[in-house]
Amino acid sequence: MKKQQQEIIGHGWLVFAPEPSLRLFGLCLVCAATMLALWPFGVAAVEQATASNASSLKEIKKSIDTAQELLAEGKLSKAVTLLEEATKAIEEAAQLERVPSGLRGLIQRCKILKEELEIEGIDGSTITIPSLPVPAPKAVAKPAPAPAGGAPVARLPLKPNPVGAAGISAGISTGISFTGQVAPLLARQCGGCHIAGKKGDFQMASYEMLMRSGMVQPGVGNASRLVEVILSGDMPRGGGKVSPADLGMLMRWIDAGAVFDGGNRATPLEALAKGGALLQPAGPAAVIKPISAVALAPGDVSFAADIVPIFLKHCAGCHDADDADAGLQMVSLESIMKGGQNGPPIVPGKALESLLVKKLKGMNIEGQRMPLEKPPLPLDVIAQIEKWINQGIKLDALTPQASLESVAAVGVAKKLSHAELATIRFNAGKKLWKSAIPDEDPLVQQRDTVSVIGNVTASRLAELADAAAASSSQVRPELVEGDQPLLKGGVVIFVFLKGYDYSGFWQNVLFKERPKGMAGNAGVVGDVAYAALLLPSADNENANAEDDFKLQLVEQITAAALQGRGAPQWFATGAGRTVAMKTVARAPLVKVWRSDVPESLQRIGSAAEFLKGHGEPAALATVSGGFVSSIAASGNRLRLLTKQLDAGVAFEKAFNDVFRATPQALFEAWAAKQGLRPVRRS
Ligand code: HEC
Ligand code: HEC
């Protein structure tokens, strides 16, 4: 499922703490829990090797954690003191004969912290971050230099590998397949931080990168850093856990030489893990025509509301992304249409010729009737699927690549009433909070179109819920006509007391590090359209903090209401700022938003990159605000757009209808008008 988010910047806007910092204790609990989570086997060796250093490393880590916390609370000089303590301790640890292996990661964290402090105006020149020598690459893992022709020559003891899915298991003697087992495990448990991300300076975006990192020592599983960090309980961060069975599998794979059984070592791990490399369409026959979302005619079967829930309930368990039976992944419309070992299972317009229908009926097929080993689907359910196929496999929500879960969520939203949907979103919102901050139960307050979830006192939460409800009624007339709700089912608002908590939301829910300086964002996760905000603290010296907070509340609620309708992040962010600047015009932050546009525009690469959301989050948000407010501040264009989105029209088309140009053309014209270097053509 695609997680979208947008951000606002705190820009000299200090984040402060209304209540005593309880979370510090939470941190220690996390460390303690980590220590307790050690695996019962193989632990002794790891412990021995690191026992002498473990305590000092833990101290250093605690100093950094606390410094981070203080930074989030705006207590900058205290944060600097702790950072200095940490760097001193690191210097000492670096002198040890055997440099503790976690030290590199801690140094990296100090560097980031220093940069963050500098952003807040601290002179960092007095803080020296120690560095360690670059480790020599492990001999076995060292890739051989490429010959002049460029063909990879690095060879591992791999038997000839027959082409195609069937060859995979035949090609490997250990029985453990990198593409089939190891890559999916790493993608699932480590992906957000080490495949998409580069936490602790360690990235394994492909097999090649994994081996170059030196974290895997072929032949010796238990001496490989990749295994050690799991054994010690340090990885994965963020609450995940590698099962002993999976860890054993990983070790055995390394023990047997860490063999690669895919086609290309540079293939992204995510693609390998999804079987992308194995399930490439066999030939031109497998190519399907692009499908785009269309409006349904009366009486049509809805894919989103009627068909997808059937697939999710009865098929997805066996035909999932990790281990698809017969190679058929039923995870998106696209993956269904691509099909499995027998090719596309659906012939649009021809239900009776479609393998999928034949399999459901158990007629004229090889192999088994579906769903396998379960009672057949009721005849009227099969009839609905047939009707949908004969209707031309109309897609009535999102895109062919969207996950079936998110398509179903749109289908559900269409079918349910506002109140029913609000209950679903609220409950899903509570679950999300728990995954962000597992050790704390939040308080909740529900109003008509917003529910607020957060770790503040009951009275503060009630105040916040009132403020959110007021903001939501300010936003509503800007986005919708008449007495419609702002967003069907409402917006869930997460409020976080501490910077640390808000960072936890990013790490555990969005699987990313919180971008620098950000105090709020909005997005969609599963059934929840959310606005997330870090609360201003009571001891903020800025007298206008309340106005700035209101501004950001309006901004994020608007953005959530648009992302909940499928608008892309740049537009939702920009519209959020547009509505906020209009309705809370007195907030001091408005001036900063405006005055930062030219400088931020310099930092954006090209229109295409801007529209794709590539670039520094803070600069993107500022530019989004400047751009969208220039095209949508006056008149009823935002309302016209949401009306189309509510009717199921795809964003690109709705935008074109309302603004009479493509986003790219409008953006380029706007950027040129700023009198700046015209944005690079793309
Ligand atoms: C939620 C984020 C997150 C997840 C998930 C995660 N890591 Fe990490 N990883 C980190 C961070 C942060 C660091 C930097 C370490 C530090 O600062 O202490 C790191 C560092 C590492 C390092 C280098 C550490 C060293 O001391 O040499 C390895 C190896 C590693 N991770 C392996 C893994 C593996 C394997 C998984 C999956 C089983 C995983 N990580 C999952 C966040 C994560
Ligand atoms: C309990 C596991 C299981 C469930 C549930 C299941 N399948 Fe299957 N499916 C299989 C297996 C195993 C095969 C391969 C063997 C065969 O074709 O008989 C398969 C094969 C297929 C194929 C043939 C693919 C090809 O290219 O050969 C289709 C189509 C299919 N399933 C559709 C469905 C649909 C639709 C559902 C839900 C209504 C479903 N399956 C539910 C296990 C399952």
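The values are calculated or read from the model by the stated rules, or taken from the named source; none is laboratory data. Given the structure is predicted, the values throughout are model-derived calculations rather than measurements. Every residue, glycine as well, gets a Cβ built from its backbone with ideal geometry; the counts of neighbours run over all protein chains shown. SASA here: full protein model, heavy atoms, side chains in, ligands and nucleic acids out. Shrake-Rupley method; radii C 1.70, N 1.55, O 1.52, S 1.80 Å.
General observations
- Annotated for the stretch 410-522: lysine pairs at least 8 residues apart or interchain, Cα distance under 25 Å, count 18.
- Rounded to whole Å, sorted largest first: equivalent-ellipsoid semi-axes of the stretch 601-682, Cα gyration tensor: 23, 13, 12
- Apportionment of accessible area to carbon and sulfur, the stretch 294-396, percent (1.4 Å): 54
- The stretch 410-673: antiparallel DSSP beta bridges as a percent of all, rounded to 5: 50
- The length gained by stretching the chain between ALA665 and ARG252 to full extension, at 0.36 nm per residue less their Cα-Cα distance, is 143.2 nm.
- In angstrom, the C-alpha Rg and Dmax of the stretch 410-673 are 17.5, 51.
- In the stretch 410-673, the portion of solvent-accessible area held by carbon and sulfur atoms comes to 53 percent [1.4 Å probe, whole percent, DNA, RNA and ligands not counted].
- FRET efficiency, GLU652 to GLU440 (Cβ-Cβ, R0 51 Å, nearest 0.05): 0.80
- Inter-part distance where the stretch 310-334 and the stretch 105-131 are each reduced to a Cα centre, Å: 47
- For VAL331, the amide hydrogen comes within under 5 Å of the amide hydrogens of ILE336, counting only partners 5 or more places away or on other chains and with H modelled in the peptide plane.
- Full-extension gain in nm, GLU609 to ALA297, via 0.36 nm per residue minus C-alpha separation: 108.7 nm
- Taken per residue, the accessible surface of the stretch 451-556 reaches 31 Å², heavy atoms only and a 1.4 Å probe.
- Couplings for the stretch 221-228, taken from phi via the Karplus curve 6.51 cos²θ - 1.76 cosθ + 1.60 with θ = phi - 60°, read x, 6, 9, 7, 4, 4, 7, 3 Hz in order; Gly and Pro are left as x.
- Taking the inverse of the mean reciprocal distance over all distinct Cα pairs, the Kirkwood hydrodynamic radius of the stretch 294-396 comes to 13.7 Å.
- Karplus 3J(HN,Hα) series, Hz, for the stretch 649-658 with 6.51 cos²θ - 1.76 cosθ + 1.60 (x for Gly, Pro): 6, 5, 4, 4, 5, 4, 4, 4, 5, 7
- Inter-label distance for GLN401 and ALA383, nm, one decimal - labels placed 7 Å from Cα along Cα-to-Cβ: 3.8
- Here r is the Cβ-Cβ distance between SER243 and LYS591 and R0 is 51 Å; the resulting FRET efficiency, rounded to 0.05, is 0.45.
- Here's how it looks for ALA529: its modeled amide H is under 5 Å from those of VAL492, which are all 5 or more places away or on a different chain.
- Built amide H within the under 5 Å cut-off of SER403, gap 5+: LYS2
- The stretch 345-421: GluC sites (Glu not before Pro) in DSSP coil with no more than 13 other Cβ atoms inside 10 Å: GLU366, GLU373
- Annotation note: trypsin sites (Lys or Arg not before Pro) in the stretch 529-636 located in DSSP loop regions with a Cβ neighbour count of at most 12 within 10 Å are ARG586.
- For the stretch 444-508, applying the loop criterion from DSSP together with a ceiling of 16 other beta carbons within 10 Å to the GluC sites (Glu not before Pro) yields GLU481.
- In order through the stretch 505-519: 3J(HN,Hα) via Karplus (6.51 cos²θ - 1.76 cosθ + 1.60), integer Hz, x for Gly, Pro: 4, 4, 5, 8, 9, 9, 6, 9, 6, 5, x, 3, x, 8, 10
- Convex hull volume per residue in cubic angstrom - Cα atoms of the stretch 426-582: 110
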